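Report on the structure given below.
The values are calculated or read from the model by the stated rules, or taken from the named source; none is laboratory data. Predicted, not measured: the structure shown is a model, and the values here were computed from it. Ideal geometry is used to build each Cβ from the backbone, glycine not excepted, and the neighbour counts take in all protein chains shown.
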Amino acid sequence: MAIIKIGTLCYVVESCLASPRTRCAVGKVVEVVSLPYYAPDWTYSPGTYYDIRFEDSIFYCRSDKLCPISDPDADITEPEDETITA
């Protein structure tokens, strides 16, 4: 899994379909405040998530909706499922 470092500033892309509470961070610069984690349960879209800080609030965001600014070498691509064929 690719990792965005804690403290990295990221832009939340406009295509992010955030929860009503998190929508205020869409299109804004946020700070990553957690290590990555997989979707905690079936109510989340599958993928890797980070906790992010925006204006004194903490939200969660999928990694593919974050565009690193202060760590341009960060690789946020999701790992592809490998298919094994016989």
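Applying the criterion of being under 12 Å from residue 65 (Cα atoms) and among the β-branched types (Val, Ile, Thr) to the residues of region 33-53, the residue that is surrounded by the most Cβ atoms within 10 Å (Cβ to Cβ) is 52.
How many residues, within region 12-30, are crowded, with 16+ Cβ neighbours inside 10 Å and out of contact with any helix residue (DSSP H, G or I) (no Cβ under 9 Å at 6 or more places or on another chain)?
Applying the first criterion (crowded, with 16+ Cβ neighbours inside 10 Å) to region 12-30 yields 12, 16, 18, 22, 25-26, 30.
From what's left, out of contact with any helix residue (DSSP H, G or I) (no Cβ under 9 Å at 6 or more places or on another chain): 22, 25, 30.
Within region 12-30, residues that are crowded, with 16+ Cβ neighbours inside 10 Å and out of contact with any helix residue (DSSP H, G or I) (no Cβ under 9 Å at 6 or more places or on another chain) number 3.
Going residue by residue through region 10-18, is there one that turns out to be modelled with pLDDT of 90 or more, in contact with a strand residue (DSSP E or B) (Cβ under 7 Å, 6 or more places away or on another chain) and not aliphatic (A, V, I, L, M)? Checking region 10-18: at least one residue is modelled with pLDDT of 90 or more, in contact with a strand residue (DSSP E or B) (Cβ under 7 Å, 6 or more places away or on another chain) and not aliphatic (A, V, I, L, M).
The set of residues in region 22-32 that are under 11 Å from the mean Cα position of the chain (by Cα) and over 15 Å from residue 64 (Cβ atoms) contains only 31. For beta carbons closer than 8 Å, sequence separation of 6+ or different chains, a first residue in region 37-49 that is under 19 Å from residue 6 (Cα atoms) and free of Cβ contacts under 8 Å to residues at least 24 places away in the same chain and a second that is among the aliphatic types (A, V, I, L, M) and surrounded by 10 or more Cβ atoms within 10 Å (Cβ to Cβ), the qualifying pairs are 49/39. Of the residues making up region 11-21, one or more are under 14 Å from residue 66 (Cβ atoms), part of a strand (DSSP E or B) and of a type outside the set (Lys, Arg).
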